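Readers should treat all values here as calculations from the given coordinates under stated rules, not as data from a laboratory. Values in this document were obtained by computation on a predicted structure and should not be read as measured data. In this analysis, Cβ positions are derived from the backbone assuming ideal geometry, glycine residues included, and neighbour counts consider all displayed protein chains.
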4 protein chains.
Amino acid sequence: MDIIVLQPETSEEDIRHILKKLESKGLKANVSQGTERTIIGVIGDTSKVTEDEEDAIRAMAGVENIVRILKPYKLASRDFKKENTEITVKGIVIGGKKIQVIAGPCAVENRTILTGIAEKVKESGAAFLRGGAYKPRTSPYSFQGLGLEGLKYLAEASEKTGLPVVTEIMDPRDIDGIVEYADIIQIGARNMQNFRLLLEVGSVNKPVLLKRGLSATIKEWLMSAEYIMSRGNHNVMLCERGIRTFETATRNTLDLSAVPLLKQLTHLPVVVDPSHGVGKRDLVAPMAKAAVAAGADALIIEVHTNPEEAFSDGEQSLRPDYFAKLMQELKAVAQAVGREI
Amino acid sequence: MDIIVLQPETSEEDIRHILKKLESKGLKANVSQGTERTIIGVIGDTSKVTEDEEDAIRAMAGVENIVRILKPYKLASRDFKKENTEITVKGIVIGGKKIQVIAGPCAVENRTILTGIAEKVKESGAAFLRGGAYKPRTSPYSFQGLGLEGLKYLAEASEKTGLPVVTEIMDPRDIDGIVEYADIIQIGARNMQNFRLLLEVGSVNKPVLLKRGLSATIKEWLMSAEYIMSRGNHNVMLCERGIRTFETATRNTLDLSAVPLLKQLTHLPVVVDPSHGVGKRDLVAPMAKAAVAAGADALIIEVHTNPEEAFSDGEQSLRPDYFAKLMQELKAVAQAVGREI
Amino acid sequence: MDIIVLQPETSEEDIRHILKKLESKGLKANVSQGTERTIIGVIGDTSKVTEDEEDAIRAMAGVENIVRILKPYKLASRDFKKENTEITVKGIVIGGKKIQVIAGPCAVENRTILTGIAEKVKESGAAFLRGGAYKPRTSPYSFQGLGLEGLKYLAEASEKTGLPVVTEIMDPRDIDGIVEYADIIQIGARNMQNFRLLLEVGSVNKPVLLKRGLSATIKEWLMSAEYIMSRGNHNVMLCERGIRTFETATRNTLDLSAVPLLKQLTHLPVVVDPSHGVGKRDLVAPMAKAAVAAGADALIIEVHTNPEEAFSDGEQSLRPDYFAKLMQELKAVAQAVGREI
Amino acid sequence: MDIIVLQPETSEEDIRHILKKLESKGLKANVSQGTERTIIGVIGDTSKVTEDEEDAIRAMAGVENIVRILKPYKLASRDFKKENTEITVKGIVIGGKKIQVIAGPCAVENRTILTGIAEKVKESGAAFLRGGAYKPRTSPYSFQGLGLEGLKYLAEASEKTGLPVVTEIMDPRDIDGIVEYADIIQIGARNMQNFRLLLEVGSVNKPVLLKRGLSATIKEWLMSAEYIMSRGNHNVMLCERGIRTFETATRNTLDLSAVPLLKQLTHLPVVVDPSHGVGKRDLVAPMAKAAVAAGADALIIEVHTNPEEAFSDGEQSLRPDYFAKLMQELKAVAQAVGREI
């Protein structure tokens, strides 16, 4: 049910005009005359009223506002599917009792470094390897990733360590290589509303890790998940990675309240990326623990054997020994909230 | 010149380590010991130090912070090119004394409506026709545009009225059709950092209207212009269309101070979109006037013959008669600030 | 009329409980069973339901959300008073056809400088003198203003030039001095929700210039005006001075769309402060023009004879000759939008 | 050491002018000519250069920018005092190994309800009682608190339970009553930059709980602590309570990364208020756990025996049994991060 709030002193004719419009969409209406405002309650399956039709009604004479009661996403909604979605990748479950850790370098730089890091994070208990072959960079003059070659290095590191691989897609034309070499496809924050890319990954049979846009509301984020799911791919996980605020002391503001909120609104697994969320190495560990305490299903953490030689985001990467220590500490926190790691 | 600020009590060895690193990049350094902090001034062409190398230095022991003095964009910078860039499209100049108005519906709906609107806005003095054939929509269930068919309708309306056409690209795979039928390619706010798309439009010979991202800083926006220009296409215009803030009474917060600021920082023409900036029909006219007073080179305004039947954004579209009146009023404001319209 | 949205599957008993609560407040209810949600339309004078009672209802079992239809402010609302409020200060009208300009230094520094500036801005056509005797400073180590002495200098400068004086109050204990020496009392952005201060200035018989808080919504701002008016002082003017966003290239983001929006929502005069809004001298003039074009009733502009010796905000102060030139340019813009200056 | 960045092509004369100015402040300068920019490194105790003098320099011809290297706060800085500040109130230590919990209703409503809640939270292990006698409310028509009477009820509940009391001050004129009846004085978010109030509580001998402003940066927040400390009261604790962002699904965005960041920047204890931070009862528990995991020294949580009858903020208050359960769960998390509760 949606509600149409009328402007004060709307004419009878304008009201009839609106009611006729609703009728033409197969909807019934319930007019309530208040002391100061008249409202129209719309009855029927308003979920079939598109955003566009709603906009058109909003543009009609006499309409002050439309209040949406129902959520605009369906497949992603907890109302649609009550039980948690568990996504299984090569036998590893994301969204279950065990919290999974995805670790690795920001960018794939070369075969040796990558394999070295992969072995280290595997030792410490990571379940997935991350690494970017295609890198979205603010500057056209920065390293843009090794591309297909990088994907192959990832696949090799995966084979050696047994860790499935998470990597980012930036262009729908790269989908074949990504599907061939990766186990989970990442949609980066800047592409959260690259709708064509969403439709592309919605059409393949690989889980998708969908990062939250820099200034995306929770609702918009779930709508982007809905885009992917609307094409048939229901294996979507949502990754909080910090939002943009006025604060400049941290790279972004990690919005951990999104974690329990998403758990109410959706059945999809929730991942947290404390590395991008704060952008400062010393803050990664406390925020990783906080994410686990808040209810995250998985963490994605940047690890590099030599951060000062990293091609990107060195400032926020953990060294392997520090990562190993963090994994131990996370175990205790996970246990404290009834989870495992 | 960049500045490296050291942590208090950084060891001599760490400092030597940093200096050696700089040397290896062909840079000289100037160490200044202050009473409370030591800083290293870097001398030489630091513009060749990539973002990545900078990150790597930031990750070194002893480094508290790096202060960038130089702007990260070059081709887009007023330092690089002092005189204003004027972009000429079918004989119409954007960025000159005359302020150009781009008008039309949000989405191309059908041939008749589009041509009707085109004729009306032409009559009132608009210089360009806008209309979306590919529509980025928050919901996968909303109208996504007519695609190639829509491009053809635009071309027809253009031929009938003589108005060149501005339309949005969403997918690099659509570039051929867009180049064939459009006169100016629009990059929408959500794609401002869709870097592959930027490179794509940077490789063709058509002017680009680059909208500011919802939460993009001025610097990031200029870096996106730089992406396009780095591929050889220097005909870029920047379009302010409102940023996301905490305020919910307007759709976005139109940042008009971006206009005079951009005029200082860059030689590129500046366009303002008051329709998306505020999202409410009644606020479009005053904000269009304010944009002209602030120094905009062009305006882009949504006009629809029947907003309540529009497929999208009806709420912010002006009716043709109202648009005609606005055009008259804008003339006076333009004149007051030494421009024409 | 307010609307209570119920959670799906709310029990009959919970609904009865809610209806009983409403009845106890003298309100009637209209239950509409939709296909997916049930809503309760509340009928009667809901404006008497306090924020607290609303919160209490929101906390009841079964309630998913409450939608407020009516505005929470009354005296400040355009619904309450249709015609514009004009505030007359020593014969000068704010809120009429003529746009008034308030000019002067950020802080009162000494008698000579102040009088010098006052004479200059008077010459150029300013109608009011601004100057802070009590200065809200971020640092306790910064100049905090001359206090009572500063107020006296303001009164002297006012007497010499005939310009009425606008000055800021920071502490309810300073009210007597302020009322004695000032003509308009300014509430600064940081005190927009200093409710005790609002009540204090609401109890005296002097017009109040209420600056918008750094991250205040339009609604909260109008509620702060309502605080003042609720005590009997209806001479309130609202001053937009920039809001805080993620953008760091300007000091704040001047939200000019607030001007036409406020003109719809309230009958109170609207003032714009481009100096604080942008914080950079070169951007003040274009934004002052834009403010006039957007419909501002008054401008408040920082002017200093020697900005580099100013005790505060030198970076955004205009020199008198530049201010004189701006006043000329503003005349043309005012005329273009049917106003005078 | 501060850095002055010069505009390109600054004249020798302008540079001499700036150097002379620095000299007049007893500072030395180190001019470095880069290939694209010249910078001046300022040597000497720049911490004595006030904000105002800095602004004045920024306003000089040739100055493009000033980069502050040193932090503007001193007493609050970790550089000034390396060891953690522990604040002891009636034998209870805030800032030590044990995490303290402050609990109670938003507002003091009457003697019976308050004492009832106090007894309940005491039973569950809370160390302090919170409750507002003076309430900052957005609307002048909302319940404004019981005032002095409320303070007396707090003192009674404190005597009965042994729990020391935290309550908010809104007006410097209320200081005597607050000092008489309260054990910790709270400065609310809206008053974080009510500088006169800060100076007032800086002059008394009671610990202060300083809430972060709705859109305050970490730096501004620490400057407000500095205000209090500059008057001699060094017992300040900082309370994160959520910042304002574009997200509307939660009341605020709780910025937990502020916790570890503050631990680096300052020696003062850090408190987290998850109740106001999220504003939704169901999210309070996970965020309280996350706050502990992130390193908070104390939590402040709203508890009410009957949220739906609460005079304010009922929506975010926990019932006592739920609070008791949460206290148990927090113990496990605290232990996992090497703390106690």
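Output, in nm with one decimal and in ascending order, the distances from the D:Gln328 label point to the matching label points of the other copies (7 Å from Cα along Cα-to-Cβ).
Sorted ascending, the copy-to-copy spacings read 3.1, 7.6, 8.0 nm.
Where the convex hull is taken over the Cα atoms of region B:87-336, what is its projected area averaged over directions, in nm²?
Details: hull surface 48.1 nm².
With the hull built on Cα positions only, its mean projection is 12.0 nm².
Okay, helix-only estimate at 222 nm for chain C: each DSSP H run of n ≥ 4 adds -39500 (n - 2.57), divide by all residues, round to 500 deg cm²/dmol; what do you get?
Working: 11 runs with 121 residues, N = 341.
Here the helix-only value at 222 nm equals -10500 deg cm²/dmol.
Let me spell out the model: positive unit charges on the Cβ of Lys and Arg, negative unit charges on the Cβ of Asp and Glu, origin at the Cα centre of region D:87-336. What dipole size does that give, in debye rounded to 20? Before the final figure, lay out each step's value.
Values: 29 positive and 28 negative charges, 101 e Å.
Result for region D:87-336 is approximately 480 debye, rounded to the nearest 20.
What is region D:220-341 by shape, rounded, prolate or oblate, if you read a ≥ b ≥ c off the alpha carbon gyration tensor as root eigenvalues and call it rounded for a/c under 1.5, prolate for a/b larger than b/c, and oblate otherwise?
Working: a/c = 1.77, a/b = 1.37, b/c = 1.29.
It comes out prolate by the Cα gyration axes.
Stick to Cα atoms and the Kirkwood definition of Rh, then tell me Rg/Rh for region A:2-67. Please list the in-between numbers first.
On the way: Rg = 10.8 Å, Rh = 11.7 Å.
Rg/Rh: 0.92.
Distances in nm, one decimal, shortest first, from D:Ser24 to the same residue in every other copy, taking the label point 7 angstrom along Cα→Cβ.
For D:Ser24, the other copies' label points sit at 4.8, 7.1, 7.4 nm, shortest first.
What does the charge add up to near A:Asp176, with Lys and Arg as +1, Asp and Glu as -1, over the other residues with Cβ less than 14 Å from its Cβ?
Working: positive: A:Lys152, A:Arg173, A:Lys206, B:Arg173; negative: A:Asp171, A:Asp174, A:Glu180, A:Glu200.
My count for the surroundings of A:Asp176 gives 0.
Could you state the orientation-averaged shadow area of the convex hull built on the Cα atoms of the protein assembly as shown, in nm² to one decimal? Write out the running numbers ahead of the final one.
Values: hull surface 181.0 nm².
Reported value for the Cα convex hull: 45.2 nm².
On a 32 Å Cα-Cα criterion, which of the cross-link pairs A:Lys20/C:Lys71; C:Lys20/C:Lys74; A:Lys120/A:Lys289; B:Lys331/C:Lys325; A:Lys20/A:Lys81; B:Lys206/C:Lys325 come out too long?
Values: A:Lys20/C:Lys71 29 Å; C:Lys20/C:Lys74 27 Å; A:Lys120/A:Lys289 20 Å; B:Lys331/C:Lys325 22 Å; A:Lys20/A:Lys81 35 Å; B:Lys206/C:Lys325 40 Å.
From A:Lys20/C:Lys71; C:Lys20/C:Lys74; A:Lys120/A:Lys289; B:Lys331/C:Lys325; A:Lys20/A:Lys81; B:Lys206/C:Lys325, over 32 Å: A:Lys20/A:Lys81; B:Lys206/C:Lys325.
Calculate the dipole size of the protein assembly as shown relative to its Cα centre from +1 charges on Lys and Arg beta carbons and -1 charges on Asp and Glu beta carbons; express the result in debye to the nearest 20. Mind showing how you got there, number by number?
Details: 176 positive and 184 negative charges, 1 e Å.
For this selection, approximately 0 debye.
Return the equivalent ellipsoid semi-axes of region C:148-207 as a descending list in whole Å, where each equals the square root of 5 times an eigenvalue of the C-alpha gyration tensor.
Working: eigenvalues 90, 21, 21 Å².
Calculated on Cα positions only, the semi-axes equal 21, 10, 10 Å.
Going by the alpha-carbon gyration tensor, a ≥ b ≥ c the square roots of its eigenvalues, is region C:28-116 rounded (a/c under 1.5) or, if a/c is not under 1.5, prolate (a/b greater than b/c) versus oblate?
Working: a/c = 4.34, a/b = 2.65, b/c = 1.64.
It is prolate, given that a/c is not under 1.5 and a/b is the larger ratio.
Would you pull out the residues with amide H under 5 Å of C:Gly104's amide H, same chain only if 5 or more places away, H placed 1.01 Å from N?
C:Arg130, C:Ile301, C:Val303
If you place +1 on the Cβ of every Lys and Arg, -1 on the Cβ of every Asp and Glu, and leave all else neutral, what size is the dipole of region B:126-206 about its Cα centre, to the nearest 20 Debye? Before the final figure, lay out the partial values.
On the way: 9 positive and 10 negative charges, 62 e Å.
My answer is approximately 300 debye.
I need the inter-copy label distances for A:Gly96: point set 7 Å along Cα to C-beta, values in nm with one decimal, smallest first.
4.5, 6.9, 7.9
Kindly express, to the nearest 10 degrees and within the range 0 to 90, the angle between helix A:218-230's C-alpha long axis and the longest C-alpha principal axis of chain A.
Orientation of helix A:218-230: about 80 degrees from the principal axis.
With θ taken as phi - 60° and the coefficients 6.51, -1.76 and 1.60, list the Karplus ³J(HN,Hα) couplings across region B:261-276 in order, rounded to whole Hz; mark glycine and proline as x.
Once θ is set to phi - 60°, the couplings for region B:261-276 become 5, 4, 4, 7, 7, 9, 9, 7, x, 10, 10, 10, 10, x, 5, 6 Hz.
Taking square-rooted eigenvalues a ≥ b ≥ c of the alpha carbon gyration tensor, is region B:180-258 rounded, prolate or oblate, where a/c under 1.5 means rounded and, failing that, a/b exceeding b/c means prolate? Walk me through the numbers before you get to the answer.
On the way: a/c = 2.42, a/b = 1.96, b/c = 1.24.
It is prolate, given that a/c is not under 1.5 and a/b is the larger ratio.
Just to confirm the filter: which GluC sites (Glu not before Pro) across region C:26-134 are DSSP coil and have at most 16 other Cβ within 10 angstrom of their Cβ?
Values: sites: C:Glu36, C:Glu51, C:Glu53, C:Glu54, C:Glu64, C:Glu83, C:Glu86, C:Glu109, C:Glu119, C:Glu123; in loops: C:Glu36, C:Glu83, C:Glu86, C:Glu109.
Counting only loop positions with at most 16 other Cβ atoms within 10 Å, the GluC sites (Glu not before Pro) in region C:26-134 are C:Glu36, C:Glu83, C:Glu86.
Can you put A:Ser312, A:Ser24, D:Ser203, B:Ser230 in order, fewest other beta carbons within 10 Å first? Could you put the intermediate results ahead of the total?
Details: A:Ser312 24, A:Ser24 9, D:Ser203 13, B:Ser230 20.
Placing the least packed residue first, the sequence is A:Ser24, D:Ser203, B:Ser230, A:Ser312.
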